1. For ILE18, are the conditions met, namely being of a type outside the set (Lys, Arg), in a helix (DSSP H, G or I) and under 17 Å from the mean Cα position of the chain (by Cα)?
2. So, in segment 1-15, of the ones that are among the hydrophobic types (A, V, I, L, M, F, W, C), part of a helix (DSSP H, G or I) and surrounded by fewer than 10 Cβ atoms within 10 Å (Cβ to Cβ), which residue ends up modelled with the lowest pLDDT?
3. Given the structure, is ILE37 surrounded by 10 or more Cβ atoms within 10 Å (Cβ to Cβ), more than 14 Å from the chain's Cα centre (by Cα), in a helix (DSSP H, G or I) and among the β-branched types (Val, Ile, Thr)?
4. Do we have LYS11 as more than 24 Å from the chain's Cα centre (by Cα), on the phi < 0 side of the Ramachandran plot and not hydroxyl-bearing (Ser, Thr, Tyr) here?
Amino acid sequence: MAQMQTTSMKKLLLKGEIQDLALALQVAQTTHILGMIQVFSLQKL
């Protein structure tokens, strides 16, 4: 029984880590896109 609990807890932790990673990736992508937009608008000036 304890084995099952630790396994499900590990899965939950892993799930949380994956969500954190996905969020970090989204933030990085957004930052990158915003940076690119700034570069393009600066080129137009």
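The values are calculated or read from the model by the stated rules, or taken from the named source; none is laboratory data. This is a predicted model, so every value here is computed, not measured. Neighbour counts run over all protein chains shown; Cβ positions are idealised from the backbone, glycine included.
1. yes
2. If we take residues in segment 1-15 being among the hydrophobic types (A, V, I, L, M, F, W, C), part of a helix (DSSP H, G or I) and surrounded by fewer than 10 Cβ atoms within 10 Å (Cβ to Cβ), then ALA2 is modelled with the lowest pLDDT.
3. yes
4. Taking the combined requirement at face value, the residue does not satisfy it.
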